[in-house]
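In what follows, a single structure is set out as structure tokens and then discussed.
The values are calculated or read from the model by the stated rules, or taken from the named source; none is laboratory data. Computed from a predicted model, the values in this text were never measured in an experiment. Cβ placement follows ideal geometry from the backbone for every residue including glycine, while neighbour counts extend to all protein chains displayed.
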Amino acid sequence: MALKWWQTAVFYQIYPRSFADGNGDGVGDFRGMTEKLPYLRDLGVDALWLSPHFPSPNWDCGYDISDYCGVAPEYGRLSDFEVFLNEAHHHGLKVILDLVLNHTSDEHAWFFESKSSRNNPKADWYVWQDVPPNNWQSCFDGEAWTYVPERGQYYYHYFMRQQPDLNWHNPQVVDAMWKAARFWLDMGVDGYRLDAVGTIFEDPHLTPHDVPMSLAELRNASDLAQTPEQKEVVQKYWHDMFQHQLGQPGVHDLMKQLRAILDEYPGDRMLVGEDDDPDYMGNGQDELQLVFNFPLMRTELDPLSYQGKTFTPGWIRENQAQRLAALGKISSEAWPCNTLGNHDCSRVYTRFGDGIHDAERARLGLATMLTLKGTPFLYNGEEIGMTDSLIGDATLLRDTMATWYYERLVNDLHVPAPQAAERAGKMSRDKNRTPMQWTGGPNAGFSPAAVPTWLPVDPNHADGVNVKDQLGDPLSLFSFYKRMLHLRRSTPALIDGNYQVVHQEASDYLAFVRQNEHQTVLVVLSFSKERIRLDFSDVPEVLAAGKASIQPVAPGLHARTIFSSAGRSKTVENLSEIHLGAFEIYIATLEG
Ligand code: GLC
């Protein structure tokens with residue numbers, strides 16, 4: 001079966017505020033993004049996901065939208081968006097937008113009207129109660145119910161108080177949002193990433209949670225958790241605190257409606273949900289095309305999403321086995337989607353680094369994304385090894401969930417200010433949203449010298465963490481990204497081949513075969529600090545035994561190297577003896 005474009009594509013997430021500043025005001029914009037399209041094409045990605053570009057008071061960096069059919073003035077006008085979209089298409093790049101369904105900004109006209117009285121035409125567009133009916137928390141800023149004097153009532157918000165939840169039980173809300181979705185589809189966008197789909201409905205019984213802590217106390221306990229036991233307790237508390245506010249029934253109907261709308265358009269428009277639950281894919285044809293493999297991304301993340309997993313061959317194999325089995329239950333065609341980073345989490349280079357082999361482990365991260373089965377999503381800046389950029393001064397934080405936490409730590413929990421600032425800086429998402437580093441010059445070439453950028457530029461741009469320096473260096477991370485992206489594009493089995501693990505038990509390397517009707521590709525990713533000697537003479541046997549095997553594989557195969565991250569003198573290797581350098585990424589076609 002021919003694959004759709006979103007199955008073969010590599011996606012690249014652009015965080016518009018930080019990607020490219022075309023008008024030199026310290027904030028990214030559409031002019032900048034348009035200018036960088038040749039860069040993206042040259043890098044070798046196929047599709048772009050834009051974090052929200054809509055007008056917003058920016059309490060949550062654009063995820064609080066005040067007009068679903070507009071463009072934030074700091075990013076340009078609607079005509080600038082259209083130029084960007086057409087140019088992207090002209091460069092062969094698809095574009096998907098971020099659609100935030102759960103909530104609007106409290107400065108959206110819908111909310112202004114809704115909060116103005118109890119009997120206005122939009123009175124029921126949000127979730128109102130006379131008194132707070134329970135102890136629910138907002139996952140960003142404490143109490144989930146906020147009082148509005150005009151109505152003498154409280155509204156519900158899963159995120160910040162500036163992000164009131166829409167009432168999706170009201171058919172007028174559904175119509176209004178689908179109209180907004182059509183607005184961009186009519187213009188030609190190729191699909192949507194659906195924000196926070198799990199938060200759309202709440203438990204109708206409004207059941208209280210039974211966690212004996214406030215949100216600030218739980219965050220604090222998470223910061224302080226050291227042992228696996230302590231981490232498990234806080235993890236359970238996170239689950240219990242929000243269990244009645246997440247993953248409630250009703251969403252599937254909505255997803256079906258939205259999918260039906262997309263299917264009216266030509267060109268296989270697509271939906272990817274910000275969730276890891278394959279249930280959102282419906283029967284494989286009638287809801288979302290993709291959901292993210294977040295369990296792999298959350299590897300080695302902070303205790304908030306503690307899974308007790310590190311980025312090792314064993315965990316990647318286990319994760320793939322779980323994901324592929326879960327998808328298989330949906331349909332034989334349900335497609336995986338892997339990612340290691342986005343605007344909400346610590347950067348790959350920092351998170352998977354050990355302080356010594358950061359560059360090697362960043363390469364392994366990318367190689368894993370581009371060789372496992374499924375659609376990869378990469379995050380801007382990863383290609384040059386941008387790191388977490390910690391902000392130690394709480395007054396400079398822009399991520400309001402972190403400023404809120406800072407204030408709670410200092411004012412309620414009496415944590416000394418310097419310590420509170422450090423912890424807030426670490427949990428803040430600002431650290432992974434700093435401006436893209438284009439050059440080693442002033443402001444990293446993001447904005448003109450001396451223009452204050454919306455978040456500070458990381459000083460490491462002057463030490464080679466920038467596009468310009470890496471572009472001309474064949475050994476740079478950027479060149480590695482380019483080589484690997486081009487390899488993937490020219491190796492069909494890496495895109496459409498099935499996936500079969502070899503050497504299930506190996507602890508210092510990950511080996512698997514991707515095979516389609518024409519190609520058998522062996523991928524070996526060494527996680528070892530030492531050289532290792534491997535024997536793959538059992539591969540024909542493993543493939544013959546595997547249910548997924550497509551072609552008969554003759555004994556006496558050899559490996560023809562198609563990619564190696566280390567210098568390799570031979571292009572053909574004997575399967576019984578392949579030597580891998582430390583952290584080598586080795587990819588070969590198996591031939592008779
Ligand atoms: C999603 C976004 C995140 C945002 C939240 C609320 O999780 O990825 O950045 O803060 O939704 O919209």
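Summary of values
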{"quantity": "All positions within region 349-374 that are among the polar types (S, T, N, Q) and either within 19 Å of Phe292 (Cβ to Cβ) or assigned to a loop (DSSP other than H, G, I, E, B) (or both)", "calculated": "Thr368, Thr371"}
{"quantity": "Residues that are closer than 21 Å to Phe112 by Cα and buried (at least 19 other Cβ atoms within 10 Å of the Cβ), drawn from region 59-86", "calculated": "Trp59, Asp60, Cys61, Gly62, Tyr63, Asp64, Ile65, Ser66, Tyr68, Val71, Ala72"}
{"quantity": "Subset of region 379-405 that is within 30 Å of Val501 (Cβ to Cβ) and more than 16 Å from the ligand (Cβ to nearest atom) - its residue that is farthest from the chain's Cα centre (by Cα)", "calculated": "Gly385"}
{"quantity": "Qualifying helices (runs of 4 or more DSSP H) (wholly inside region 173-287; at least 2 residues being over 28 Å from Tyr126 (Cα atoms))", "calculated": "215-224, 228-242"}
{"quantity": "Residues located in region 419-434, provided they are over 19 Å from the mean Cα position of the chain (by Cα) and small (Gly, Ala, Ser)", "calculated": "Ala420, Ala421, Ala424, Gly425"}
{"quantity": "Residue within region 99-117 that is buried (at least 16 other Cβ atoms within 10 Å of the Cβ), assigned to a helix (DSSP H, G or I), polar (S, T, N, Q) and more than 16 Å from the ligand (Cβ to nearest atom) present", "calculated": "yes"}
{"quantity": "Residue that is within 30 Å of Asp141 (Cα to Cα), modelled with pLDDT of 95 or more and in contact with a Gly (Cβ under 7 Å, 6 or more places away or on another chain), where the choices are Ala417, Ala394, Ala421, Ala462", "calculated": "Ala421"}
{"quantity": "Qualifying residue in region 305-322 (condition: modelled with pLDDT of 95 or more, β-branched (Val, Ile, Thr) and part of a loop (DSSP other than H, G, I, E, B))", "calculated": "no"}
{"quantity": "Set Pro212, Pro204, Pro249, Pro208: member being at pLDDT below 95, loosely packed, with under 15 Cβ neighbours inside 10 Å and of a type outside the set (Phe, Trp, Tyr)", "calculated": "Pro249"}
{"quantity": "In region 382-426, the residues that are touching a residue at least 60 places away in the same chain (Cβ under 8 Å) and assigned to a loop (DSSP other than H, G, I, E, B)", "calculated": "Gly385, Met386, Thr387, Ser389, Ile391, Arg398, Asp399, Leu413, Val415"}
{"quantity": "Residue count for region 27-82, restricted to those that are in contact with a strand residue (DSSP E or B) (Cβ under 9 Å, 6 or more places away or on another chain) and among the basic types (Lys, Arg)", "calculated": "1"}
{"quantity": "Selection within region 166-201 - within 16 Å of the ligand (Cβ to nearest atom), of a type in the set (D, E, K, R) and buried (at least 23 other Cβ atoms within 10 Å of the Cβ)", "calculated": "Arg193"}
{"quantity": "Members of region 120-157 that are surrounded by fewer than 18 Cβ atoms within 10 Å (Cβ to Cβ), in a strand (DSSP E or B) and under 32 Å from the mean Cα position of the chain (by Cα)", "calculated": "Gly142, Glu143"}
{"quantity": "Filter pass, Phe446 being away from the ligand (no atom under 16 Å from the Cβ) and under 27 Å from Thr312 (Cβ atoms)", "calculated": "no"}
